[in-house]
1. Applying the selection to the range 359-369, what residues are assigned to a helix (DSSP H, G or I) and free of Cβ contacts under 8 Å to residues at least 24 places away in the same chain?
2. Given the conditions (1) in contact (Cβ under 8 Å) with a residue 12 or more places away in the chain; (2) surrounded by fewer than 24 Cβ atoms within 10 Å (Cβ to Cβ); (3) in a helix (DSSP H, G or I), report the number of the one that Glu261 does not fulfil.
3. So Gln292 clears everything in (1) more than 21 Å from Val158 (Cα to Cα); (2) surrounded by fewer than 21 Cβ atoms within 10 Å (Cβ to Cβ); (3) modelled with pLDDT of 95 or more except one condition, right? Which one?
4. I'd like to check something: does the range 70-93 contain any residue that is within 17 Å of Val195 (Cβ to Cβ) and in a strand (DSSP E or B)?
5. What pairs come up if the first residue lies in the range 33-59 and is outside any helix (DSSP H, G or I), the second is modelled with pLDDT of 95 or more, and their beta carbons are under 7 Å apart, counting only those six or more places apart or on different chains?
6. For the range 16-27, give me the residue count where each residue is more than 16 Å from the ligand (Cβ to nearest atom) and surrounded by 14 or more Cβ atoms within 10 Å (Cβ to Cβ).
7. Return the pairs, sorted by first residue and then second, in which the second residue is assigned to a helix (DSSP H, G or I), the first residue lies in the range 264-275 and is outside the structural domain of Gly184 (by TED's automatic domain parsing), the beta carbons are less than 6 Å apart, and the residues are 6+ apart or on different chains.
8. Answer yes or no as to whether Ala284 is buried (at least 18 other Cβ atoms within 10 Å of the Cβ), within 22 Å of the chain's Cα centre (by Cα) and on the phi < 0 side of the Ramachandran plot.
Amino acid sequence: MIFLDAAATTPVRREVLEAMWPYLSGEFGNPSSHHTLGEAAAAALAEARSGVAKVFNCRPGEVTFTSGGTEADNLAVKGIALARRAADPALNRVVISAVEHPAVEESARYLERIHDFLVDVVPVDTDGLVTVDALRSLLRPETALVSIMYANNEIGTVQPIAALADAAHAAGVPFHTDAVQAAGWCPLDVKDLGVDAMSISAHKLGAPKGSGALFAKGRLRLEPLMHGGGQERGKRSGTENVAGAVALSTALTLSHAEQPEQAPRVARLRERFIARILDTVPDARLTGHRGQRLPSVASFCFPGTSGESVLLELERLGVVCSSGSACAAGSDAPSPVLVALGIAPETAQTAVRFSFTSTISDADLDAAAVAVETAVGRVRNLAAPQAG
Ligand code: PLP
């Protein structure tokens, strides 16, 4: 099987499994316990936090461990907006982009539905990019937060985060970015990016599902989502997932160290894959920005097919990929991300996303390109009215 669905999830790396294993077995303590087992767990958690902080170039106290990317996004969007409005009741708007993951989009809609916020949606251009001017035009004195993703999970477009964060700050508004897909492929230095909050998820990086982290800058106040024992400096109550935090920190540190070599290598393979598909599959249309995209994502529309049928055919040929985001899989509605790019709903239904791990080989991608040509051809033949 050739696995081209790394944007959905990745297998756990051996180094990560080895790093987390002690905290699932012998060193199983609760970090809040006042005995040696608890202290060992607390020390492991502190080390994991320092590891994440090192990659983010922030202080360890600015990192909160969560149950994944979804929780980190919820904590950022709801937590920052609600805390800011509690301090100043006039702050009742949030800005998000038109291509956010549901973890951000639905958090903003929750604020609208339950807490009477107004949600301003900044559009994207046909490549999926948010422009600074488009963002500026939506910033108001009442804006409590801007949340714009770093890299899109369906099309791979990478946003100009530093410039967008600057524009938000010029209006006095804090800026959050969902870096779940960018992590491992793009720089994550929060000072260079100029972000106030940033979310990541472990399972996109070679660590297990159910672990994530949120960077929240210094004194930025967060209204917690979880109330209880006051763990994570009161930002996220609940006994900490020590093994998960160790796994996340290990995977993030490894991928960060490997990025200077892997990102250009995988980007070259992606370019060859894109060129082959555009060359061999008639009418194939690349979605997302041509250059400003994740090294690991190539996404297309194949008019005259349905994305789901191409997926089934590809799986028969030994290639596993996705028709868009894993979260939207199974839904018949066209992808809101593709529709936001101005793609017609019937074309959006023909989308297929290929996403690569950092260990993808030339041979696998070449074989996958041949399979795509075959699969699209078969689906189109079946869809075409038979002569006679
Ligand atoms: N944000 C983005 C951009 C994602 O791609 C995902 C997962 O697909 C998430 C958030 C949610 O992360 P998790 O699966 O860890 O909850």
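The values are calculated or read from the model by the stated rules, or taken from the named source; none is laboratory data. Quick caveat: nothing in here was measured; it's all calculated off a predicted structure. Here Cβ is always computed from backbone atoms with ideal geometry, including for glycine, and neighbour counts include all displayed protein chains.
1. Filtering the range 359-369 for residues assigned to a helix (DSSP H, G or I) gives 362-369.
Scanning the range 359-369 gives a single hit, Ala363.
2. (1)
3. (1)
4. So far as the range 70-93 goes, no, none of its residues is within 17 Å of Val195 (Cβ to Cβ) and in a strand (DSSP E or B).
5. Asn57/Asp189; Asn57/Val190; Asn57/Lys191; Cys58/Val190; Cys58/Phe215; Arg59/Ala53
6. Filtering the range 16-27 for residues more than 16 Å from the ligand (Cβ to nearest atom) gives 17-27.
Next, only the ones that are surrounded by 14 or more Cβ atoms within 10 Å (Cβ to Cβ) stay: 17, 19-24, 27.
Residues that pass the stated criteria total 8.
7. Every condition considered, the pairs that remain are Leu269/Leu365; Phe273/Leu365; Phe273/Ala369.
8. Here the answer is no, as Ala284 does not meet what is asked.
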